[in-house]
Amino acid sequence: MQKVLATLCKIQHTDTVIDLDQALELANLPFHELPGLFAVASGVRERGFGRNVSLCSIVNAKSGLCPEDCSFCAQSAHHATNAPQYPLLGQEELVAGARAAAACGAGCYGIVSSGSGIRAGDELDRVCEAVRVIRTEGLIAPGASLGTLDQATVQALKSAGLVTYHHNLETSRSFFPQICTTHGYEDDVATVRLAKQAGLRVCSGGLFGLGETMAQRVELAFTLRELAVDSVPINFLDPVAGTPLGNSDRLTPMECLHTIALFRLILPHVHITICGGREKNLRELQSWLFLAGASGMMTGNYLTKEGRQPEDDRQMIADLGLILAEELLR
Ligand code: SF4
């Protein structure tokens with residue numbers, strides 16, 4: 001215990017980046033030490049980002065009927081859920097969503113489609129055209145999350161003016177086979193690499209509460225560090241009836257905050273955004289997400305579930321003495 005407290009003290013006063021052993025020790029920190037961990041993580045956030053935090057927003061641009069079998073997902077065709085099913089929205093709707101997101105204070109707008117990946121043709125053309133318009137208007141940075149990429153797709157998106165490509169790894173390499181059997185972890189890693197190589201800002205993270213251990217969360221954080229992603233979204237499972245994980249217990253708020261703090265210490269200079277499931281998992285401790293080291297959150301609705309009102313999120317940020325800063329996302 002002395003050793004781990006010494007590590008925390010060192011991080012607090014220097015730019016120490018923790019190694020795997022230190023991260024695993026911090027993952028086992030006793031409950032009564034967690035507030036101290038949060039304070040250190042909050043300090044690391046402040047050193048890297050000052051008081052600046054950001055909001056991002058998404059549109060469920062194409063919903064349901066996904067051929068993949070991710071065990072948590074409402075949109076998989078393998079599970080019987082009540083998630084909406086519709087084809088890709090029109091260009092006007094995609095652009096209107098960007099304007100609405102900008103008006104809410106979001107700095108990045110993600111066009112998210114279900115499915116394994118998008119390829120050349122009408123759908124890609126429509127997304128690219130929407131991206132072009134959004135970039136030209138300049139109200140918000142356009143992002144997309146369209147599944148796995150190939151070279152032609154990523155180049156088309158980049159040429160259209162896409163700023164951020166989002167592609168979650170979801171969980172650790174060692175746990176992934178237990179949540180998805182229709183594609184491999186390395187397919188997702190390859191997409192992250194392709195987006196990085198194309199010069200896009202890459203947003204890639206995971207979903208917690210799937211049954212993974214704290215050590216496996218640490219494993220994911222180190223994979224993301226190795227891939228040099230620019231932004232890490234953290235989601236917490238809000239179980240969906242009809243999926244294999246529909247009866248899972250939610251994480252406790254303190255476990256969520258512990259996870260956020262570990263990610264901040266492993267990825268001290270990476271933007272960390274708290275996304276789906278924050279309301280149901282963090283509950284009354286939602287505002288602590290920044291005090292545990294996060295530098296952003298998703299606002300508005302999620303893919304298949306309602307989120308908080310953006311004005312409530314902006315109020316939370318103001319009450320914490322933090323500042324909304326869009327440049328974190330550009
Ligand atoms: S998480 Fe994505 S790839 Fe997996 S089933 Fe859902 S929409 Fe498909």
Touching a residue at least 12 places away in the same chain (Cβ under 8 Å), within 16 Å of the ligand (Cβ to nearest atom) and surrounded by 19 or more Cβ atoms within 10 Å (Cβ to Cβ): does that describe L37?
-> no
Across the range 40-59, which residue is least open to solvent (accessible area, probe 1.4 Å) among those that are in contact with a strand residue (DSSP E or B) (Cβ under 6 Å, 6 or more places away or on another chain) and polar (S, T, N, Q)?
-> S54
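Among the residues of the range 232-282 satisfying the criterion of being in a loop (DSSP other than H, G, I, E, B) and over 24 Å from C180 (Cα atoms), which is most open to solvent (accessible area, probe 1.4 Å)?
From the range 232-282, those in a loop (DSSP other than H, G, I, E, B) are 237-252, 267-270, 275-277; that's our starting set.
Going one step further and asking which of them are over 24 Å from C180 (Cα atoms), we end up with 252, 267-270.
Values: T252: 73, L267: 5, P268: 16, H269: 136, V270: 21 Å².
Result: H269.
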What is the one condition in (1) away from the ligand (no atom under 16 Å from the Cβ); (2) within 24 Å of T171 (Cβ to Cβ); (3) modelled with pLDDT under 90 that C108 does not satisfy?
-> (3)
Search the range 151-171 for residues being assigned to a loop (DSSP other than H, G, I, E, B) and either among the hydrophobic types (A, V, I, L, M, F, W, C) or within 16 Å of the ligand (Cβ to nearest atom) (or both), and hand back the single one that is farthest from C66 (Cα to Cα).
-> V163
Could you please find all residues in the range 1-20 being modelled with pLDDT of 75 or more, assigned to a loop (DSSP other than H, G, I, E, B) and open to solvent by 100 Å² or more (accessible area, probe 1.4 Å)?
-> D15
Count of the range 61-96 residues which are modelled with pLDDT of 90 or more, more than 13 Å from the ligand (Cβ to nearest atom) and in a loop (DSSP other than H, G, I, E, B) = 4
Could you list all residues from the range 174-193 that are under 11 Å from T223 (Cβ atoms), crowded, with 17+ Cβ neighbours inside 10 Å and more than 14 Å from the ligand (Cβ to nearest atom)?
-> V189, V192
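Just checking, how many residues over the range 111-144 are more than 16 Å from the ligand (Cβ to nearest atom) and of a type in the set (V, I, T)? Write out each step before concluding.
To start, the set of residues in the range 111-144 that are more than 16 Å from the ligand (Cβ to nearest atom) comprises 120-122, 124-126, 128-142.
Still in the running and of a type in the set (V, I, T): 131, 133-134, 136, 140.
Adding up the residues that qualify gives 5.
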Which residues, counting only those in the range 232-262, are out of contact with any helix residue (DSSP H, G or I) (no Cβ under 7 Å at 6 or more places or on another chain) and under 12 Å from I274 (Cβ atoms)?
-> P233, N235
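The values are calculated or read from the model by the stated rules, or taken from the named source; none is laboratory data. Just so it is clear, the structure is predicted and the values come from calculations on it, not from any experiment. Cβ coordinates were reconstructed from backbone atoms using ideal geometry, including for glycine residues, and neighbour counts include every protein chain displayed. Ligands, DNA and RNA are excluded from the accessible area calculation, which covers all protein heavy atoms including side chains. Shrake-Rupley method; radii C 1.70, N 1.55, O 1.52, S 1.80 Å.
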